[in-house]
Structures are given as C-alpha cells and as structure tokens.
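Below: the structure, in structure tokens.
The values are calculated or read from the model by the stated rules, or taken from the named source; none is laboratory data. A quick note: this is a predicted structure, and the numbers were derived from the prediction, not measured. Glycine gets a Cβ as well: all are built from the backbone with ideal geometry, and neighbour counts include every protein chain shown. Ligands, DNA and RNA are excluded from the accessible area calculation, which covers all protein heavy atoms including side chains. Shrake-Rupley method; radii C 1.70, N 1.55, O 1.52, S 1.80 Å.
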Amino acid sequence: MFQSRVVAALVRRKEGFSRVYNTLIQSNSSTVLRHEPVRSFSSQTAKKCLFGVYGYRSFSKVHQVPSLRNMSTVASVASSKEGLRLLVTAGPRAQKMVGIWLFGSAAWVFSMVVLGGVTRLTRSGLSMTDWKFTGQLPPLSDEEWLQEFEKYKQSPEYKRVNKGMSIEDFKFIYWMEYAHRMWGRALGIMFALPFSYFLRKGYISLRLGLRLSTLFALGAGQGLIGWWMVKSGLEEPASEYTQPRVSPYRLAAHLTSAFIIYCGLFWTGLSVVMPEPPVESVAWARGAVKVRRFALPVSVLVGITAISGAFVAGNDAGHAYNTFPKMGDTWVPDDIFDMKPLIRNFFENTSTVQLNHRLLATATLVSIGTLWWSTRKLEIHPAVRSLIGSTFGMAALQVTLGVSTLLSYVPVSLGTAHQAGALTLLTLIILLNHTVRRPSMSLLKSLPQVVKTA
C-alpha cells in the first residue's frame, strides 16, 4: 500500500523524482556514475527505478564508467549501440590477432629501414647491377660469383672507388644488398598471407581493408622505387672528380615511402587495439585537446627533419664539416648559396644540406622540450604525460647520436643507430598523437567532470 502511494506521487511529480534519483546516485561516493536527466516516467518505469533503490548495488555496476584496462573491450561490445566505428568488428580475439599482425608488420618495416641504413653505410647498395621483381637466387658456384663480379666491374663505383677489390670483399657487399632486397620480399609475403586469411574470416571491415590494400600497394611500389634509386648510382657521374652515388632525391623518396608505410601500419595497429583514447574524465579530455594542438605541428617538424636526413645521406654531407657546434671555423659556411638556381642548394649543396639538418634538429628538440614544459601542470592522463616525457628524452638522445656520428666521421654503428633513432622518435610522436586524439561522442557523454578517487 505504501509503495503504491509512492509510485503514484512519483508519476504526478516528475521533477521531484528526478531530484530524488540524482540524490540517490550522488550518495554513493565509491563509484563514478553517469548523470543523465530523467525526461519521462511511466508508472512501470517508476516501479523499476524504485526497485533500483533497493537493488542499488547491481544497478550501479551497469552505469560504471569503463576503466582504461577494459576500454577496448567495452567499446567492442557497445559499438553498434553507441556509434563507435571499429576497424575490426569480429570481437576482442579478432582485434588482438589483427593487432599483433599489424604491429609485427610495422616492426618488420622498422628492421628494413635499419638494414637499408647499414647497406648504404657499407656502400653495398650498388653491388647488384640488375633487378627482378620476383627476386632471384644468389650465386651458388664460383663461376656464378665470377659472373656477378664481372658485372660489378663495369659499374662506375668499381672503377672510381673499389678498383682492385677482391672477390671476397665483393661477396660481403653483395650479400648485404641481397639480404636487404629479399627481406623486403619476405615482408610482402608475411603481410599478404595473413591479410588474405583475415579477409576470408570476415575480421576486416571495408574501411580497414581499403586502408591495408593501399599500404600493400605502397609496399609493392617500394621495391620499384628502390631499383629506381639504385639505377641512378649505376650511371656515370657528370664529373670525373665526383664519386658515383645514388640521387639524393631518389634516396629521399625511397626513405620517405618507407616512413609512410611504417607510420600507416603502426597507426592502424593502434586504432585496431585501442579504438578509444585513454580518457576517464572531461578534464582529461580537455587537457588532451591542448596537447593535440601542440603535438600536431611538432609531428610535422619531426617528419621534415627525418626527411632532411635523407638528403644529408644522399649528398654524403656527414663527411663534411665534422665539427660542432660550428661548421669548420664559422657558424654559417660561405658557399651555402653557390648553386644556381637557388632552390638546388637546399637539396644538393653539401654545406646547405648539413646546415638545414642541424637547424631542423635543434628546432625539433626545442619544440618537443617546449611541449613537455607547457604540459607539466595540465590535467592529462598519466599515459599521455609519460609519453611526452619519453618523446623529449628520445629527442635529446637523437640529437646526441647525430652529433656523435658527425664528430666520428659517420661510422657504421653510430650512423645506423642515428637512423634507427629517427624512426623511434617518429614512433613515439605517432603514439602521442594517437593517444590524445578526439574520443567518440558516446564516450564523451559518459565521462564525469573529474576522476574521483576512493
């Protein structure tokens, strides 16, 4: 009898029930709940809500804000209802399998970039004077080795740099280039087979399928770009005093293409396993917006600096001005604008290319340091704060590696470490941008104003 009167009173006075409902929700301080206005109530609805007062513990479990640990699982279950567009819609297990595959592919591309750096630093890239898309077997007999060696003897590099080289030394540089080429072809197979399997199982959405198909096409084209680059080094140089080397423009195109493929695979893998960014309050979401506004231009600067390093390598600019911070006896060399037209100096003039790389590297370090300093007091997720600190530390290490490489006249070990450091810094800046991206509207609506601690 008493309950019936209460129900009738709640039906007649909707606003009164809303105040009672919100008061009950706020009374439990141990659980962060989502507060939504009560718009209309029927008698049956009021009975259910009144029952929720007595069964409040079970009711509160339904409305808890998902924690960071199970955020991706919650997003997978609620995607159809909340409007979150997942790249893999076959459940958490499929998300994990596709994510591991994409991160494995990205790691393979990373190793390809490092191996390519070793190949260039050991001057092995011009040892193979022909190219086949499907690849070929290496020389298996002494006669076949002699045939390959004779082909190399016709190249400008042998005539001007390696004249008199023994066949054993030739085998070393040949194996380096052969390994680099076959490692790339193996990557294509490792990517294509799981891709076909996941497509057949229905794990991959149309949007993800189109993105991965584009990356696969870029990977196939990367081999063509690589041969296009090598071919430029097999041509006779314009001057008899110039050492044969690949075109810096083609080297930059080859390296930039590898960076794009790596970034695409890594970003897509993150989007698969972490469909929502780690935010647990509106305050943290606002802090992420402020970080994102600064992180985007910093990311562009990091990318430009990395590409400028390709022109340093393409022009062998690391073997000039092996002093720091000055370039020789001056801060700015006198010949930085000697080439005509003026634009050529920024890509072909050894002095200008090295000066550009120094200035860009310094600007990158200062900008990342400014990002770290300006976000010290922001309300942001601990993972975001840790990423910013790691990115700043990696930027400082990368500058240290660059200076050490220059002062040591570009040894293979330091030169390889410097190139790997550039890709590591790019990895961290991608991860930072992905972590502070805008969450879905459904997640934003569910967030409390601040994170409540027990």
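Of note:
- Residue within the stretch 153-162 that is over 26 Å from Arg250 (Cβ atoms) and among the acidic types (Asp, Glu) present: no
- Failed item, numbered, when Phe133 is tested on (1) under 39 Å from the mean Cα position of the chain (by Cα); (2) surrounded by 11 or more Cβ atoms within 10 Å (Cβ to Cβ): (2)
- Figure legend. Inter-residue proximity from the stretch 274-286: first residues under 15 Å from Leu378 (Cα atoms), second residues part of a helix (DSSP H, G or I), beta-carbon distance below 8 Å, spacing 6+ or different chains. Indicated pairs: Val279/Ala285; Val279/Ala288; Val279/Leu443; Val282/Leu444; Ala285/Leu444.
- The test for being in contact (Cβ under 8 Å) with a residue 12 or more places away in the chain, surrounded by fewer than 17 Cβ atoms within 10 Å (Cβ to Cβ) and more than 28 Å from Ala417 (Cβ to Cβ) does not hold for Arg344.
- Only listed residue being closer than 30 Å to Asn349 by Cα and either in contact with a Phe, Trp or Tyr (Cβ under 6 Å, 6 or more places away or on another chain) or open to solvent by 50 Å² or more (accessible area, probe 1.4 Å) (or both), chosen from Leu193, Leu199, Leu224: Leu224
- Verdict on Thr424 being more than 29 Å from Glu276 (Cα to Cα) and among the β-branched types (Val, Ile, Thr): no
- Test: residue in the stretch 265-283 that is in contact with a strand residue (DSSP E or B) (Cβ under 8 Å, 6 or more places away or on another chain) and either assigned to a helix (DSSP H, G or I) or at pLDDT 95 or above (or both): yes
- Matching residues in the stretch 113-156 - criterion: being among the charged types (D, E, K, R), modelled with pLDDT under 90 and within 21 Å of Ser247 (Cβ to Cβ): Asp130
- Residue pairs meeting the criteria (Cβ under 7 Å; at least 6 apart or on separate chains; first among the hydrophobic types (A, V, I, L, M, F, W, C), in the stretch 232-255; second open to solvent by 40 Å² or more (accessible area, probe 1.4 Å) and in a helix (DSSP H, G or I)): Ala252/Ile307; Ala253/Ile225
- Filtered residue count, the stretch 307-341, keeping only those that are closer than 11 Å to His357 by Cβ and of a type in the set (Asp, Glu): 0
- Pairing each residue of the stretch 412-441 that is among the β-branched types (Val, Ile, Thr) with any residue that is surrounded by 18 or more Cβ atoms within 10 Å (Cβ to Cβ) and part of a loop (DSSP other than H, G, I, E, B), provided the two are 6+ apart or on different chains, yields C-beta distances under 6 Å for Thr435/Pro277.
- Remark: pairs (first residue in the stretch 206-217, assigned to a helix (DSSP H, G or I); second residue open to solvent by 80 Å² or more (accessible area, probe 1.4 Å); Cβ separation under 7 Å; 6+ apart in sequence or on different chains) = Gly209/Leu199.
- Residues being assigned to a helix (DSSP H, G or I) and in contact with a helix residue (DSSP H, G or I) (Cβ under 6 Å, 6 or more places away or on another chain) - total across the stretch 117-162: 7
- Once the stretch 235-252 is narrowed to residues that are open to solvent by 40 Å² or more (accessible area, probe 1.4 Å) and not hydroxyl-bearing (Ser, Thr, Tyr), the residue that is nearest to Gly125 (Cα to Cα) is Arg245.
- Annotation note: of Val302, Val289, Val332, Val353, the sole residue that is touching a Leu at 6+ places or on another chain (Cβ under 7 Å) and in contact (Cβ under 8 Å) with a residue 24 or more places away in the chain is Val302.
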